[in-house]
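Asks: Submitted below is the structure of interest, expressed as structure tokens.
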Amino acid sequence: MSSANNKTRPTPARRLRTMHETLAQAYGPQHWWPAKTPFEVILGAYLTQNTAWKAVERSLANLKNAGAVTLEGIRALPVEKLQELIRPSGFVTRKAQAVKAFVALVDEEFRGSLARVAATPAGPLRTRLLGLPGVGPETADAILLYAFGKAVPMADEYLRRIVERHRLISPAPNHNRKGYEALTSLTRDAFAADSPNRHADLYNEFHALVVAVGKAHCGRTAKCGGCPLAGDLQRYGPKVL
């Protein structure tokens with residue numbers, strides 16, 4: 001049973017904000033996303049769906065060798081060649097078509113300019129991205145945050161595991177869209193007291209830190225020994241909210 005009573009128990013948002021501080025101290029700055037250009041971020045966001053990042057790195061290396069880590073490069077590739085180059089990432093038919101659809105969007109609605117895309121407000125741009133094939137909330141938010149620097153929180157399986165295992169939110173079936181929005185809403189609340197000018201940087205680092213602790217300790221089976229967040233469980237216990 002928790003040693004903290006209801007009167008002293010912080011809100012889920014406050015706990016999550018404290019977790020961020022704990023992880024930042026434990027792991028240091030993450031300097032995410034691992035890419036050199038916004039378009040490389042976008043490609044990575046598509047390719048990482050349902051696959052490990054090491055496989056994405058192989059696909060990106062293939063694209064770089066083919067001179068195709070640019071709008072112009074992808075535009076010039078036949079879809080069959082694109083599928084061949086991204087084969088390490090799997091789901092090549094769907095992913096190649098999705099990448100091509102994004103480039104078509106940029107060409108048809110933004111005059112072929114990523115800068116014009118980046119200048120679009122986050123809300124309308126998110127809606128437009130979600131209308132593309134192969135783009136769910138996580139991919140859309142990764143593009144908004146890491147490619148275009150929008151102050152948009154994102155969530156993934158690691159964050160879901162952490163907040164559910166720490167009982168910050170109730171479990172959502174199959175990590176559906178409603179469950180995803182609950183995670184991003186909690187993240188937004190966690191940083192609400194910070195200056196809006198810092199939100200993009202904070203969301204950036206927070207997600208990267210969640211991935212770091214998730215890979216080390218919060219996989220399908222929790223490995224709480226040595227986890228920087230173990231103290232939160234010790235203080236507050238798995239009380240269901």
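Asks: Of the residues PRO34, PRO78, which is surrounded by fewer than 18 Cβ atoms within 10 Å (Cβ to Cβ), of a type outside the set (Asp, Glu) and farther than 21 Å from ALA142 by Cα? Full working, then the answer.
Replies: On the way: PRO34 fails: farther than 21 Å from ALA142 by Cα.
None of the other options fit; the residue is PRO78.
Asks: Would you mind finding the one in ALA118, ALA96 that is farther than 14 Å from GLY44 by Cβ and either surrounded by 16 or more Cβ atoms within 10 Å (Cβ to Cβ) or more than 19 Å from the chain's Cα centre (by Cα) (or both)?
Replies: Values: ALA118 fails: either surrounded by 16 or more Cβ atoms within 10 Å (Cβ to Cβ) or more than 19 Å from the chain's Cα centre (by Cα) (or both).
Going through ALA118, ALA96 in turn, the sole match is ALA96.
Asks: Determine if the range 75-92 includes at least one residue that is within 30 Å of ASN197 (Cα to Cα) and in contact with an Asp or Glu (Cβ under 8 Å, 6 or more places away or on another chain).
Replies: Within the range 75-92, the subset within 30 Å of ASN197 (Cα to Cα) is none.
No, there is no match, as no residue in the range 75-92 is within 30 Å of ASN197 (Cα to Cα) and in contact with an Asp or Glu (Cβ under 8 Å, 6 or more places away or on another chain).
Asks: Taking the residues in the range 176-188 that are at pLDDT below 95 and among the charged types (D, E, K, R) as candidates, determine which candidate is surrounded by the fewest Cβ atoms within 10 Å (Cβ to Cβ).
Replies: In this case the residue turns out to be LYS178.
Every residue, every condition in (1) part of a helix (DSSP H, G or I); (2) in contact with a helix residue (DSSP H, G or I) (Cβ under 7 Å, 6 or more places away or on another chain), yes or no:
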position: THR8; (1), (2): no, no
position: TRP32; (1), (2): no, yes
position: VAL41; (1), (2): yes, yes
position: TYR46; (1), (2): yes, yes
position: LEU63; (1), (2): yes, yes
position: GLU80; (1), (2): yes, no
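Asks: Can you tell me which condition ASN50 does not meet? The list is (1) exposed (fewer than 13 other Cβ atoms within 10 Å of the Cβ); (2) touching a residue at least 12 places away in the same chain (Cβ under 8 Å); (3) assigned to a helix (DSSP H, G or I), and all the others hold.
Replies: (3)
Asks: Here is a check on your reading of the model: is PHE110 more than 22 Å from LYS215 (Cα to Cα) and under 18 Å from the mean Cα position of the chain (by Cα)?
Replies: Details: more than 22 Å from LYS215 (Cα to Cα): yes; under 18 Å from the mean Cα position of the chain (by Cα): no.
Criteria not met by PHE110.
Asks: Separate question: Looking only at the range 152-175, which residues are farther than 15 Å from ASP232 by Cβ, in a loop (DSSP other than H, G, I, E, B) and at pLDDT 90 or above? Explain how you work it out, then say what you get.
Replies: In the first step, residues of the range 152-175 are kept if they are farther than 15 Å from ASP232 by Cβ; the result is 152-158, 160, 170-175.
If we keep only those that are in a loop (DSSP other than H, G, I, E, B) as well, we get 152-156, 170-172.
Answer for the range 152-175, where residues must be farther than 15 Å from ASP232 by Cβ, in a loop (DSSP other than H, G, I, E, B) and at pLDDT 90 or above: VAL152, PRO153, MET154, ALA155, ASP156.
Asks: I would also like to ask the following. Does the range 178-199 hold any residues that are in a helix (DSSP H, G or I) and either under 13 Å from HIS31 (Cα atoms) or in contact (Cβ under 8 Å) with a residue 60 or more places away in the chain (or both), and which are they?
Replies: Answer for the range 178-199, where residues must be in a helix (DSSP H, G or I) and either under 13 Å from HIS31 (Cα atoms) or in contact (Cβ under 8 Å) with a residue 60 or more places away in the chain (or both): LEU186, THR187, ASP189, ALA190.
Asks: Same structure, new question: Would you check which residues across the range 95-145 are of a type outside the set (A, V, I, L, M), in a helix (DSSP H, G or I) and in contact (Cβ under 8 Å) with a residue 12 or more places away in the chain and list them? Please lay out each step first, then the result.
Replies: Narrowing the range 95-145 to residues of a type outside the set (A, V, I, L, M): 95, 97, 100, 102, 107-113, 116, 120-121, 123-124, 126-128, 131, 133-134, 136-139, 141.
From what is left, the residues that are in a helix (DSSP H, G or I) are 95, 97, 100, 102, 107-109, 116, 123-124, 126-128, 137-139, 141.
Of everything in the range 95-145, those that are of a type outside the set (A, V, I, L, M), in a helix (DSSP H, G or I) and in contact (Cβ under 8 Å) with a residue 12 or more places away in the chain turn out to be LYS95, GLN97, LYS100, PHE102, ASP107, GLU109, ARG126, ARG128, PRO137, GLU138, THR139, ASP141.
Asks: Still on this structure: Starting from the range 205-225, keep only residues that are more than 13 Å from GLU157 (Cα to Cα), then list their pairs with residues that are part of a helix (DSSP H, G or I) and among the polar types (S, T, N, Q) whose Cβ atoms are within a distance under 7 Å, requiring at least 6 positions of separation or different chains.
Replies: PHE206/THR187
The values are calculated or read from the model by the stated rules, or taken from the named source; none is laboratory data. Here the structure is a predicted model, which means the values were calculated and not measured. Every residue, glycine as well, gets a Cβ built from its backbone with ideal geometry; the counts of neighbours run over all protein chains shown.
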